[in-house]
């Protein structure tokens, strides 16, 4: 049912986006059109990824999900950086962190919790993720913020580059740890990884083809999407910050939203958490530092410097998530708590 | 023995308070008289609540304890708000949070720990409470503080109202979770709730009658108490902040202090923790937002904005409590650590 | 092998230091000479301590290690205070906290983790330490920082003295708790403390004699070391902050570095963690407050006031350590995460 809607949206949205772009339709209409089309395309990417994930197993599956969810993010951000919208990029990455930690995980825990009284996931993974969340946000984001107060711009950029390189290095080391040296080491005792056989929706080839085509379409649309921001901000009375933190983040993460909630509803909390938290970590430890390094080739360099509001919002969210997830168990109320935190931050950024 | 002292204090204190108020005795004398009388009345409310708690079981009992301990708080605060003392109200709520988390819990853990080597309480409740503490303080209190730096007053009030509504909603949802959907779900395995039969001191009717009458007396005295603050501050060289954070908070929470320590001494740590942390949560998630909403009808609206010192003191206390309580176990040294933290903050607010 | 190098270094370094000091050699040469000699002397102190530790058992052994590692710290700091270098002392204590939590523990976890897939240590000790870390850094260091913003200098000193007394008191209480009232209470069930018999390198007498002589030599050299800082800072273009946080801290903690890593490599994680975290706690809860009190007798009083960068760096490190160590387990990746955090902070302080 929803699949048909998204298919229709895609097959109408993509050509309309091209036509509208060429014919210079009003920005508001284009903005809505682009957003809906990207969401529809993300849904295809999500289904393709899920098919691949079934073949590849829960952990790699989660990584795949996170990767292609954040491909949309990365693509939009590169075009926004090229257009000089450094503030919007940082805002949308903040929004992505908040959205994944609070909205995606919150919805998953809440909706999964309505069906199941207690849902469990791998407590070792939860702790591993907690350490990385604290590292990325409390160390790698906080240090430049506090140290740059007494630094000139050159030193701030140097510090940003250094931290970005370390983040990427540690992200790759984490993959190596998870997939090579400690693969299967942290399985809860007594649990066999024999999940019931599930039929992938698409074959491997078809899934990859869909992913490839959808990615190109997203890239094309993203390039034009970022140029509509300033008109939209003006028309709706929104700040660019709000567009970045809430709108772009929701559009860019639609795929994760859908598939994480679906997994939670099927009681596959390992995958749901991997999507939500794994995606957060990928944004913080990979997408963001890569964008910092890419920005060196553009006119305007992006330092690793969030606004205080963005930074504090991320710190609070991370601490909440760490405390809630560290026991490897969820219920509807924990989901609701995360959602309540998201709404509070949404109001905050809207009013800012 | 202490019961008799408190009874004497009440039967002397209440009439003296009325007479002193009518005859305009010196403010210092009235302040001391009011405080002692409220503490004595709180003790009656505490005993009545304990009687009801025995009938109602440990969890509802704890909630009852917290509710009526904070009734005193709420009553004093409403009259202080009416008198325009917004700063004193925020200070006394801060003091209530610090007092419950550090002083009440600290004394309970310490004194209980002198008798028992290791005391245990429900680890699931501890984690549930940790999540809510982080939510209330790190999200609901921190966000307006940081976001209002770049906001005008109207927006700050709007944000305060929005967050207050969400806090109250989540507090009610937490009650629904605890008492309805997940009642008894998180009992530690193997533990039966068959606590030894205990005889309530008073019957249900007498307990309710005592609660009712004492509450009215507290309300009457509180109304006059708040008007003595400025004279007392002047005479003793205290700041209003110190009166709010330390004095009002101790007076307002005397009931919790007494009953939590008593429970710890009887090795009923579940109840002791429920009183200390549950009371904190009620102040933060119910009393405070209700006061924000009530203040809309008064001359001076109270935004959800603490001073930086108040906010940081609460954040530090919450983090300390989360780390100490998250294993569901206490000993005398953990109690001493909490008390040491309270003394440090007491010195800080005294010198401020 | 390394023992022979250190022995040579000592027997060449000590006389050369005396001669160089008397003959006023260039400051840079003296600085390098002093540093190397102190490191070599620390290695002797480390071996002597390890010998004593084998006799005394793992816990007292860890305490001994930390004590004499920090003796070097304390000695250098007293002479730096006497020379009026308050900022350098605070910086070097910050560096000691960061160095122990991130570098010593990080190296131990990483190198131990290369040999063993999962290394365990006493989870009760880990939680006990977590509580104290939060107390020391988030309460005792944060409160004066935030409260002194609205205080004059006299009050700041008063607050610093009060907090210092409380810190020392709680540190002694923690020793009493660990060694008297709760000795052996928190052994993981089923674990007997029967570690395989190990032969101490030196006898008790020889070990104590080495400790005594090395301590005197370190004191002599430290007194002259601190006077070279300003020349070195000028020559290398380093800030005094960087010298304090990174260089002095590494020199002062060389003993801990060596013995903690050695213990981790032997899979004695209890001792390795005790050295790293125990040493941090000793610096924060004993060395620092003692220095505050000692400074009252010097010309310039040292308040308990770090720079914001120092404070935030310590807070971040503590939170990272708490989250990583709270499960009582380590692996190479957790070690790498700590090391990455150390490098980020090193870059930050270097650029500051």
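The values are calculated or read from the model by the stated rules, or taken from the named source; none is laboratory data. Quantities reported herein were computed from a predicted structural model and do not represent experimental measurements. Heads up, the Cβs are rebuilt from the backbone with ideal geometry, glycines too, and the neighbour counts pull from every protein chain shown.
If you check residue B:91 against the conditions, is it crowded, with 24+ Cβ neighbours inside 10 Å and closer than 14 Å to residue B:295 by Cα? Criteria not met by residue B:91. Being crowded, with 22+ Cβ neighbours inside 10 Å, over 18 Å from residue B:270 (Cβ atoms), more than 7 Å from every other protein chain (Cβ to nearest Cβ) and touching a residue at least 60 places away in the same chain (Cβ under 8 Å), is that true of even one residue in the range B:118-133? Scanning the range B:118-133, I find no residue that is crowded, with 22+ Cβ neighbours inside 10 Å, over 18 Å from residue B:270 (Cβ atoms), more than 7 Å from every other protein chain (Cβ to nearest Cβ) and touching a residue at least 60 places away in the same chain (Cβ under 8 Å), so the answer is no. In the range B:97-111, the count of residues that are more than 16 Å from residue B:283 (Cα to Cα) and surrounded by fewer than 21 Cβ atoms within 10 Å (Cβ to Cβ) is one or more. For the range B:307-320, the criterion of being free of Cβ contacts under 8 Å to residues at least 12 places away in the same chain and farther than 25 Å from residue B:108 by Cβ is satisfied by no residue at all. Does residue A:339 satisfy being more than 9 Å from chain B (Cβ to nearest Cβ) and modelled with pLDDT under 95? In short, no.
Considering (1) in contact with a strand residue (DSSP E or B) (Cβ under 9 Å, 6 or more places away or on another chain); (2) buried (at least 23 other Cβ atoms within 10 Å of the Cβ); (3) more than 7 Å from every other protein chain (Cβ to nearest Cβ), the lone condition that residue B:288 does not fulfil carries the number (1). Among the conditions (1) more than 21 Å from the chain's Cα centre (by Cα); (2) facing another protein chain (nearest Cβ under 8 Å); (3) under 18 Å from residue A:283 (Cα atoms), residue A:161 misses just one, which is (2). Does residue A:318 qualify as being more than 14 Å from residue A:91 (Cα to Cα), within 15 Å of the chain's Cα centre (by Cα), part of a helix (DSSP H, G or I) and within 14 Å of chain B (Cβ to nearest Cβ)? In short, yes. Is it the case that residue C:277 is surrounded by fewer than 24 Cβ atoms within 10 Å (Cβ to Cβ), in contact (Cβ under 8 Å) with a residue 40 or more places away in the chain and more than 10 Å from chain A (Cβ to nearest Cβ)? Taking the combined requirement at face value, the residue does not satisfy it. Would a scan of the range B:149-158 turn up a residue that is within 20 Å of residue B:286 (Cα to Cα) and within 8 Å of chain A (Cβ to nearest Cβ)? The answer is yes; a qualifying residue exists. Restricting attention to the range C:263-274, does a residue exist that is in contact with a strand residue (DSSP E or B) (Cβ under 6 Å, 6 or more places away or on another chain), more than 10 Å from chain A (Cβ to nearest Cβ) and in a helix (DSSP H, G or I)? Checked against the condition, which is being in contact with a strand residue (DSSP E or B) (Cβ under 6 Å, 6 or more places away or on another chain), more than 10 Å from chain A (Cβ to nearest Cβ) and in a helix (DSSP H, G or I), the range C:263-274 yields at least one hit. Can you say whether residue B:283 is within 12 Å of residue B:94 (Cα to Cα) and either within 14 Å of chain C (Cβ to nearest Cβ) or part of a helix (DSSP H, G or I) (or both), as far as the supplied structure shows? Answer is yes for this residue. Can you confirm whether residue B:327 is within 14 Å of chain C (Cβ to nearest Cβ), surrounded by fewer than 22 Cβ atoms within 10 Å (Cβ to Cβ), out of contact with any strand residue (DSSP E or B) (no Cβ under 7 Å at 6 or more places or on another chain) and not in a helix (DSSP H, G or I)? Yes, satisfied.
Is the range B:186-196 home to any residue that is within 10 Å of chain A (Cβ to nearest Cβ), modelled with pLDDT of 85 or more and not in a strand (DSSP E or B)? Looking through the range B:186-196, none of the residues is within 10 Å of chain A (Cβ to nearest Cβ), modelled with pLDDT of 85 or more and not in a strand (DSSP E or B). Checked against (1) closer than 24 Å to residue B:140 by Cα; (2) surrounded by fewer than 22 Cβ atoms within 10 Å (Cβ to Cβ), residue A:294 meets all criteria but (1). There is no residue in the range C:293-307 that is within 14 Å of chain A (Cβ to nearest Cβ) and in a helix (DSSP H, G or I).
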